[in-house]
Amino acid sequence: MKNVGEIKFDTIVRQYQAIRKKHPDRHIDFCVQQKNLSDAIEVAAKAINEENKIHGHQRRIGRIKLNAFAKLLRLKESEIKKATTFDKLLLIIKSVKSDRIADLTYYDTTTRIGAYLDLFPEKIYLHTGTRTGASYLFDKIKDRKFITVDELPKEFLNHDLTASEFEDILCIFKEYFKQRVMSTPLKKRFAC
């Protein structure tokens, strides 16, 4: 772990909670509201909310590619229904290979379907922005797929947040972490 003394974790958590209160994830909410798993899979894979708007993370993929992904993913419904953990669900969803679908879309789709099924991540998965945010806090994170909540700075652990919320924080506040940690002299940073 690098020296994180300049980071104000309480402030970050308060800001994050204010952001989520003002801007809840309507794509997850819409998925959870579906009447059956088949509809939840389709809504999750298409990355749409109740207004049929594509989530910002998946917007560049486009409707045609997301619709194709949804069609393929619906073929896995019986496997999805049997998933007992978020990790198993993620493996099933990642087994569907579709054009332009990458780690973040697999993770987001799993998060939406997982919320419908009451399956939530127990680890902080490192993809795109989350990996960037985590790289400012941890040494030697390059090849890792996830970190555990107990690896986070102890100041973070004073808050009752889920792994998914910590994942969100690492992504949203990555530039803040960069500014704080990178301004710390190298000799004061340390490995985890």
(request) May I ask you to verify whether residue 8 is farther than 25 Å from residue 99 by Cα, charged (D, E, K, R) and not assigned by TED's automatic domain parsing to the domain that holds residue 165? (result) yes
(request) Kindly provide the set of residues from segment 124-176 that are in contact with a Leu (Cβ under 9 Å, 6 or more places away or on another chain), of a type in the set (Val, Ile, Thr) and more than 20 Å from residue 56 (Cα to Cα), ordered by number. (result) 124, 141, 147, 149
(request) Hey, could you check segment 9-20 for residues that are under 25 Å from residue 118 (Cβ atoms) and hydrophobic (A, V, I, L, M, F, W, C) and say which is surrounded by the most Cβ atoms within 10 Å (Cβ to Cβ)? (result) 13
(request) List the number of the failed condition for residue 12; all other conditions in (1) under 22 Å from residue 127 (Cα atoms); (2) out of contact with any His (no Cβ under 8 Å at 6 or more places or on another chain); (3) at pLDDT 95 or above; (4) not polar (S, T, N, Q) hold. (result) (3)
(request) State which residue is surrounded by the most Cβ atoms within 10 Å (Cβ to Cβ) when the search covers only segment 21-35 and only residues that are in contact (Cβ under 8 Å) with a residue 24 or more places away in the chain and within 17 Å of residue 167 (Cβ to Cβ). (result) 27
(request) Only residues in segment 112-124 that are modelled with pLDDT of 95 or more and of a type in the set (Lys, Arg) count as the first member; pair them with residues that are surrounded by fewer than 20 Cβ atoms within 10 Å (Cβ to Cβ) and part of a helix (DSSP H, G or I), Cβ under 6 angstrom, at least 6 apart or cross-chain, and list the lot. (result) 123/163
(request) Can you confirm whether segment 135-146 contains a residue that is hydrophobic (A, V, I, L, M, F, W, C), under 20 Å from residue 66 (Cβ atoms) and touching a residue at least 40 places away in the same chain (Cβ under 8 Å)? (result) no
(request) Could you tell me whether any residue of segment 136-147 is of a type in the set (Asp, Glu), out of contact with any Gly (no Cβ under 7 Å at 6 or more places or on another chain) and at pLDDT 95 or above? (result) no
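The values are calculated or read from the model by the stated rules, or taken from the named source; none is laboratory data. If you're wondering where the values come from, they're calculated on a predicted model, not measured in any experiment. Note that each Cβ is placed from the backbone with ideal geometry, even for glycine, and that neighbours are counted across all protein chains shown.
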